[in-house]
Amino acid sequence: MQSTLGELVMQSDKKRPPVDVMRLVTQHSTRWTVSKYKENQILYAQGDPADSVFYIQTGKVKVTVISERGKGAIVAIRGQDEFCGEGALTGRPLRLATVTTMSACEIVRLEKQAVVSLLHDDQDFADYFLDHLLIRTGRVEADLVDQLFNSGEMRLARALLLLANYGNDNGLEPLSIDLNHETLAEMIGTTRSRVNFFMNKFRKLGLIKYNGKLEVQKALLNFVLHERPNIER
């Protein structure tokens, strides 16, 4: 049976149990470096050597893929306490995507072999990393269902809820990142003009607020949970 959009939102961002990743990393004398990034800095680019894994301590990044024809698409947003670049562990020699910061970030770089050693030697780290991968897989499946079966309006609503950290113990948080409509359009696979139309509708309905900063209201979740059919794509 096809999942409803509300179920996709609720299932795709379950909060994992807290783990002090840096404590686990440091107690094993693992090779790592931590760097601070400004907004719109490239962490690594598509085609770069895949020789490390990154752990995001603070901030958010976007994962972008460029086709051979030069067309780009945002395929994921990664945030605090998430990993990126884990494809390096599969033996791929080159990065398949570009990761760019969306805000000020503090990010830890772990050598590929160091991560492999941690997975073998530390059960807590292995459990946390596996949980991360399972959540990521669930998100990809939910994104695919979302793209295939839901309207552009509902895809946008779901994206906003996920970006606002729905499922976090702190509840719905205001978006602290200045996401432009072009970026949102790339994320959900529609045009900027459609995003403009939907965002204006959401604002008029009181589902979001925008006064220099985008703030997602709890009412948007209710809107999604009581989705209506025959909404224009």
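The values are calculated or read from the model by the stated rules, or taken from the named source; none is laboratory data. Nothing here was measured: the structure is a model prediction, and the numbers come from that model. All Cβ positions, even for glycine, are placed from backbone atoms using ideal geometry, and neighbour counts span all protein chains on display. Calculation scope for accessible area: heavy atoms of the full protein, side chains included, ligands and nucleic acids excluded. Shrake-Rupley method; radii C 1.70, N 1.55, O 1.52, S 1.80 Å.
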**OP:** State all residues of the stretch 58-97 that are surrounded by fewer than 16 Cβ atoms within 10 Å (Cβ to Cβ) and under 21 Å from Ala164 (Cβ atoms); if no residue qualifies, say none.
**Re:** Thr58, Val75, Gln80
**OP:** Could you grab the pairs with beta carbons closer than 6 Å, sequence gap of 6+ or different chains, first residue in the stretch 59-84 and closer than 20 Å to His181 by Cα, second one surrounded by 19 or more Cβ atoms within 10 Å (Cβ to Cβ) and of a type in the set (Lys, Arg)?
**Re:** Val61/Arg78; Ile74/Lys62; Ile77/Lys62; Gly79/Lys60
Original post:
Which of the residues belonging to the stretch 23-41 are surrounded by 14 or more Cβ atoms within 10 Å (Cβ to Cβ) and under 17 Å from Glu82 (Cβ atoms)?
Top reply: Leu24, Val25, Trp32, Tyr37
Original post:
Restricting the search to the stretch 181-205, which residues are surrounded by fewer than 18 Cβ atoms within 10 Å (Cβ to Cβ), hydrophobic (A, V, I, L, M, F, W, C) and assigned to a helix (DSSP H, G or I)?
Top reply: Phe197
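Quick check on the stretch 128-137. Is at least one of its residues part of a strand (DSSP E or B), open to solvent by less than 70 Å² (accessible area, probe 1.4 Å), under 25 Å from Tyr37 (Cβ atoms) and not basic (Lys, Arg)? First the steps, then the outcome.
Narrowing the stretch 128-137 to residues part of a strand (DSSP E or B): none.
No, because not a single residue in the stretch 128-137 is part of a strand (DSSP E or B), open to solvent by less than 70 Å² (accessible area, probe 1.4 Å), under 25 Å from Tyr37 (Cβ atoms) and not basic (Lys, Arg).
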